Amino acid sequence: MDASARRKQLSAAIRRAAAGDRAALRLIYDETAAKLFGICLRILNDRSEAEDVLQEVYLAVWQKAGAFDETKASPITWLVAIARNRAIDRLRGSGLVRRAEPIEAAETVSDPAPLAEEMLVSSQQQARLASCLEELDERTAKAIRSAFIGGSTYEELARAWNVPLGTMKSLIRRGLAKLRACLER
């Protein structure tokens, strides 16, 4: 469903909720709960508090749905405003004030994403590994890929290929030795 259709559906559901239609309120909840909960959680920084506020939000929607005017705001904007205001009211009323950190503190926050240089090195290593795998005979390369990329055990490979376990282990061990030599060149 495109954005325009979703907006019309949500507007219609709010109008039906204003008339006392519980199924419409359920539809509103299903379509918006995740987004509104995220807003509450971001403001309150407390899951339990955010859950309580979210309940209050939908109670307010039920009680004030008649005040919604789609010519003034989109339905999601109206719902977000309710959630934001309720969360801020809860924050102020409970004395839970989030401690603001100075901007300089952001320098010490780590980013778990790899650095561009690390990604480049990793890409080059993968290309090198692929090239070395191509130098192996097809059977050995397939066994190594199945074991180390596909996650198959030596026992599973031996059964699937109908060879003794020791043969499979030797095949992979010799292949790994050739790979190591290729990668060290």
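The values are calculated or read from the model by the stated rules, or taken from the named source; none is laboratory data. Here the structure is a predicted model, which means the values were calculated and not measured. With ideal geometry, Cβ positions are generated from the backbone for all residues, glycine too; neighbour counts draw on all protein chains shown. When the accessible area is computed, the model is the full protein with side chains, heavy atoms only, and any ligands, DNA or RNA have been set aside. Shrake-Rupley method; radii C 1.70, N 1.55, O 1.52, S 1.80 Å.
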Over the stretch 14-33, the set of residues of a type in the set (Gly, Ala, Ser) and either closer than 19 Å to ASN85 by Cβ or touching a residue at least 24 places away in the same chain (Cβ under 8 Å) (or both) is ALA17, ALA18, ALA33
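Within the stretch 156-165, restricting attention to residues that are assigned to a helix (DSSP H, G or I) and not basic (Lys, Arg), which residue is farthest from the chain's Cα centre (by Cα)?
Pass one, the stretch 156-165, residues assigned to a helix (DSSP H, G or I): 156-161, 165.
Among the residues that remain, those that are also not basic (Lys, Arg) are: 156-158, 160-161, 165.
Numbers: GLU156: 33, LEU157: 34, ALA158: 38, ALA160: 36, TRP161: 39, LEU165: 41 Å.
Applying the filter and picking the extreme gives LEU165.
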Those residues of the stretch 132-155 which are under 19 Å from ALA181 (Cβ atoms), assigned to a helix (DSSP H, G or I) and touching a residue at least 12 places away in the same chain (Cβ under 8 Å) amount to CYS132, LEU133, GLU135, ARG139, THR140, ALA141, ALA143, ILE144, ARG145, ALA147
Filtering the stretch 71-83 down to residues that are crowded, with 16+ Cβ neighbours inside 10 Å and either more than 23 Å from ARG15 (Cβ to Cβ) or over 23 Å from the mean Cα position of the chain (by Cα) (or both) yields PRO75, TRP78, LEU79, ILE82
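Which helices (runs of 4 or more DSSP H) sit wholly inside the stretch 1-69 and have at least 2 residues that are farther than 23 Å from SER94 by Cβ and open to solvent by less than 60 Å² (accessible area, probe 1.4 Å)?
Helices (runs of 4 or more DSSP H) meeting the threshold: 3-18, 22-44.
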